[in-house]
1. Which GluC sites (Glu not before Pro) in segment 42-113 pass both tests, a DSSP loop state and at most 16 other beta-carbon atoms within 10 Å?
2. Among Asp62, Asp31, which comes first, then next, by fewest other beta-carbon atoms within 10 Å?
3. So which chymotrypsin sites (Phe, Trp or Tyr not before Pro) in segment 22-113 end up in coil per DSSP with only 14 or fewer other C-beta atoms within 10 Å?
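Every read-out reported here was derived from the displayed coordinates using simple, explicitly stated rules and does not represent laboratory data. Computed from a predicted model, the values in this text were never measured in an experiment. Neighbour counts run over all protein chains shown; Cβ positions are idealised from the backbone, glycine included.
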Amino acid sequence: MHQVHAQSLGQTNAFSSQGRCSGGGAPACRDNNIAERGLKKSILHRKNSLFFRNQRGADVGDLFTSIIHTCELNEINPFNYMTTLLQNAKEFEQAPADWMPWTYRATISAQGK
């Protein structure tokens, strides 16, 4: 029978609670959820791309996937964002940088809408 010493349990607990590598190095991630969430969109797009009929359809799918994911990363509702772009198409064409997902709210506020 193998005995476990209290000191080794304490070291294990300290490692677990601090989330650090031995020697006090950089913090270690306990999971890879961020990476998995990023890959989830790519995997879903890969599965959906099986049904594109031509290159143009694939390009449109890429565009919408990119817009939706960018909105989600900026905590913006993708449907509301794209609806706003359609409602302000002329303004968008004149100054696209003002209508990026991270700036469009300020643009709308400045217009008084």
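1. For GluC sites (Glu not before Pro) across segment 42-113 that sit outside H, G, I, E and B with at most 16 neighbouring Cβ atoms in 10 Å, the list reads Glu75.
2. The most exposed by this proxy come first: Asp31, Asp62.
3. Within segment 22-113, the qualifying chymotrypsin sites (Phe, Trp or Tyr not before Pro) (loop, at most 14 other Cβ atoms within 10 Å) are Phe52, Trp102.
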